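The values are calculated or read from the model by the stated rules, or taken from the named source; none is laboratory data. If you're wondering where the values come from, they're calculated on a predicted model, not measured in any experiment. Side chains included, ligands, DNA and RNA excluded: accessible areas come from the protein's heavy atoms. Shrake-Rupley method; radii C 1.70, N 1.55, O 1.52, S 1.80 Å.
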Amino acid sequence: STLLILCGILISQDGLSVEQREAINKVISDFNKAPDFSLSSLNDSTYTLRNMKDKVVLLNFWATWCGPCRMEIPDFNEIYTTYQPLGLELLGVSIQDTKKQLTDFVKSKVVNYPLLYGNPKEINQMLLDYELSNPFYGISIPQSMLINREGKIVWYYPGALLKSYSPEEYAKFLFILEKTLKNS
């Protein structure tokens, strides 16, 4: 936000060359851009962000051993069931679990949306990419972000998004989600 204002002021200056203006415009256009990733799901499908341009993506970083992460699942199931027909893709990205651990987990817990996993190198690279894409975000779990159809992160929430715990924050998220689905 401060960076964007500063870049806007710089662009308006007459003393900048065309190259300088183009470089500043590139920085502004890349601000909040979600890094691409490609991970596997439990049904052996591959999910690649750049191939989901027709979707609004709710990305949730989590792990099976994380209590607050597990508490989010019923609310996320409801969100997915309600908004998936309108263009939402909800992806649960496990930051540490193997396919076997996730398969065992879903035997005892109903999860209606895709759960993604990768080898430690893939997951660590994704986490690093997301941390570096915006210095205001650090990746902890649980953590969710909403990515619009243009690939921009339009909402970010560090912590468990729970309807019963924080109804105001949950309602704010639903408002942003509905607006993003309509505007994208």
MET71 - accessible surface, heavy atoms, 1.4 Å probe, Å² rounded to 10: 120 Å²
Accessible area in the full protein assembly, largest first, 1.4 Å probe, for ARG70, ARG50: ARG50, ARG70
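Looking at the square roots a ≥ b ≥ c of the eigenvalues of the Cα gyration tensor of segment 119-184, which shape do they give, rounded for a/c under 1.5, prolate if a/b is larger than b/c, or oblate? If you can, show how the numbers build up before the last one.
On the way: a/c = 2.48, a/b = 1.41, b/c = 1.76.
Note, shape of segment 119-184 comes out oblate.
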log₁₀ of I(q)/I(0) at q = 0.16 Å⁻¹ - segment 51-183, Debye sum with one point per alpha carbon: -0.81
Area of ASP36 that stays accessible when all protein chains are in place (1.4 Å probe, Å², to 10): 60 Å²
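Using the 2.2 N^0.38 Å rule of thumb for compact globular proteins, work out how segment 59-129 stacks up: its C-alpha Rg over that value, please.
Details: Rg = 12.3 Å, N = 71, 2.2 N^0.38 = 11.1 Å.
Segment 59-129 yields a ratio of 1.10.
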